[in-house]
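Inspection log for the structure reproduced underneath, given as structure tokens.
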Amino acid sequence: MQQIKERVLHTFVETLPAKPYCSFDIQKEGVKIWPKTGALKANYIQANAPTSVHWLIFDIDKPNSAFLYETLNLPAPNIISINKVNGHAHYFYNIHEVYTSKNAHSAPQEYLKAIEQAYVKKLGADKGYTGLIAKNPLSEEWLSLYPSEHKYTLGELAEYVELKRSFIAPTRKVREDEGRNIELFDQLRFWAYAEKKNHTSYDSFYSACLGKAKELNAEGYNSASGYLPVSEIKATVKSITKWIWKHYQGAGHTHKNKGVMDLSETQLTPTEKMQAGALYSAEIKRTKTLKKLQRAARSAKLGINLKLNLNQIDIANRSGMSHSTVKRYWQLLLNYIFKGFIRGLSDISAGGTAALGLFIGEIVRLLLDRRPQNMSLEKVDFSGFGCVDHETERV
């Protein structure tokens, strides 16, 4: 048990924000932001970062609530922090990280919210508790228990509760002008998120969703407008199942869609997989950007001294990229052009006299382009080009 406690607390500390909110007495002091090392000494602490969730936390304001989860046949929390005076407790469930920023996928967030609502209802937990500040299990102010070290998937937690109505926010009222199709869509899609993990083929998943949709239709929803015809039910089911099967990875591990990197069989954590995917995507984007700039550079009029004749603004205009992007890729672009220049010299040497004449003519044009406006042709210095004859100088 001591080893379980140490491992759970290690995970707890590792997943804390770098500078969490904390407090020794919320009623008297309010909350403050401290570095993690100082915040760990407080009685209350912020367990989740602003843009991700590692811990589902429930505030149970009931005496002797420590083992309520057993009575209700719920999975064991990873941490139970108990008020020594009144027996009220905070349950902590360690979950695979769910990102909650505005740019993150909304489906996992909605799934998480539905599970949270279902657990609040079943536990009789405080509905107004936001989860921002929780009892710090490292504080001696509380009696803390560590029943499990298992990290839960959302799918595992969903198996213990009924999510049917929890997916729809209590304040949401279906308007008749939204139509019965919208109501069916809202109810079915959330059910389908949890259902996907149970199927290994799309046909099986579609059949299950169709059966559920017909069941919902038979109940009549919350609408007084009657029932939907089978054709409209099938159209809604098809729309939902095609999107979820293609895009939604699901909460469990058994039947996840493999991405292009095929990380499903690795030992990486979900966070490490996301990081690897982000690096892969960044590299793909970087390669595409560089190729676009290279095409723009090839179409530009380049001179002998590349740094003087290759103009960043011109490349930006030709490529449609911003000037700042061109500046970031500038050295790579110069290297690319230099290698092309060397290849060009090689081609000239293999092309004989005709190719050499064209090359010399281009050099002369570049020199003329670069001379000051008031400089006559006679003042141009051709001394570095021993192969240029007087005929060429008169060009």
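The values are calculated or read from the model by the stated rules, or taken from the named source; none is laboratory data. Given the structure is predicted, the values throughout are model-derived calculations rather than measurements. Reconstructed Cβ throughout: ideal geometry from the backbone, glycine too, with neighbour counts over all protein chains shown.
Is segment 24-34 home to any residue that is under 27 Å from Leu157 (Cβ atoms) and out of contact with any Ser or Thr (no Cβ under 9 Å at 6 or more places or on another chain)?
Among the residues of segment 24-34, not one is under 27 Å from Leu157 (Cβ atoms) and out of contact with any Ser or Thr (no Cβ under 9 Å at 6 or more places or on another chain), which makes the answer no.
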Starting from residues that are acidic (Asp, Glu) and over 15 Å from Asp59 (Cβ atoms), keep the ones in segment 121-146 and report whichever is surrounded by the most Cβ atoms within 10 Å (Cβ to Cβ). Glu141
Segment 203-236 - residue that is within 24 Å of His105 (Cα to Cα) and at pLDDT 90 or above and, of those, surrounded by the fewest Cβ atoms within 10 Å (Cβ to Cβ): Tyr206
Tally up the residues in segment 105-137 that are touching a His at 6+ places or on another chain (Cβ under 9 Å) and at positive phi, please. 0
From the list Leu184, Leu157, which residue is surrounded by 15 or more Cβ atoms within 10 Å (Cβ to Cβ), assigned to a helix (DSSP H, G or I) and either in contact with a strand residue (DSSP E or B) (Cβ under 7 Å, 6 or more places away or on another chain) or modelled with pLDDT of 90 or more (or both)? Leu157
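Residues are listed down the side, and each one gets a yes or a no for (1) out of contact with any helix residue (DSSP H, G or I) (no Cβ under 9 Å at 6 or more places or on another chain); (2) surrounded by 22 or more Cβ atoms within 10 Å (Cβ to Cβ); (3) under 14 Å from Asn136 (Cα atoms):
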| residue | (1), (2), (3) |
| --- | --- |
| Ala47 | no, yes, yes |
| Pro63 | yes, no, no |
| Tyr69 | no, yes, no |
| Asn86 | yes, no, no |
| Thr100 | no, no, no |
